[in-house]
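These notes are about the structure you will find just below.
The values are calculated or read from the model by the stated rules, or taken from the named source; none is laboratory data. Source: prediction; values computed, not measured. Because the Cβ atoms are built from the backbone with ideal geometry, glycine has one as well, and the counts that use them run over all protein chains shown. Protein only, heavy atoms only, side chains kept; ligands, DNA and RNA dropped before computing areas. Shrake-Rupley method; radii C 1.70, N 1.55, O 1.52, S 1.80 Å.
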Amino acid sequence: MLAVRGRHHPKSLARPSCPKLIHACTSIVQRVGAIIAQAVFPGICCDCGRVFAIRPTNRDEVKIDIPFGAILGAYLCVACADRFRPVHPPLCTHCGLPFDSPHGPDHVCGQCRQHPFHFRSARSAGLYESALRAVIHELKYKGRDALAGPLGLLMWQTLVQSWDPAELDR
């Protein structure tokens, strides 16, 4: 028991638990820091160049189906991220390019039949246009190495969703 102003209180009521207090203070400091950083260093879209408010991300979250805009939300405004076109079936089973076909959902395209590549198959997370092209160009030609992690996550998602581990080259 602790005496507080002449009264006796159980220890748990006299002061909050230190780990909880430290966690609460850390959380507040992180939020205030993020607000200040956003004001001083706003996001500049890799595609259109406009200033935008960076969407918060949970870096601790590990999921297979994270949307493109959430992965690259610190580098693209919402309008540009929404223009991303993921690759969905039907697609060529060799080069991975999407197409509409009346002959079943997935098959080898005419280009791959005439001029086959020297690999078994390829897949892409999205069409190489607009936002995806802009982000890749920022990484490759402007040295924005911070984009390697988000683009790597996008490639990892494509690998997990598109390939059977037994079919991967060893």
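Calculate, in nm to one decimal, what Asp82 and Phe119 gain on full extension: separation in residues at 0.36 nm each, minus their alpha carbon distance. Don't skip to the end; give the middle numbers.
Details: separation 37, 0.36 × 37 = 13.32 nm, distance 3.18 nm.
Length gained, Asp82 through Phe119: 10.1 nm.
May I ask you to give the percent of accessible area on segment 76-117 that is carbon plus sulfur, with a probe radius of 1.4 Å?
Values: 1580 of 2690 Å².
Roughly 59 percent of what the probe reaches on segment 76-117 is carbon or sulfur.
Extending each Cα 7 Å along its Cβ direction at Val51 and Lys140, get the distance between those two points in nm, one decimal.
Distance between label points: 3.1 nm.
Given H placed 1.01 Å from N in the peptide plane, which residues other than close sequence neighbours of Gly43 have an amide H under 5 Å from its amide H?
Counting only residues 5 or more places away or on other chains, the set is Phe52, Ile54.
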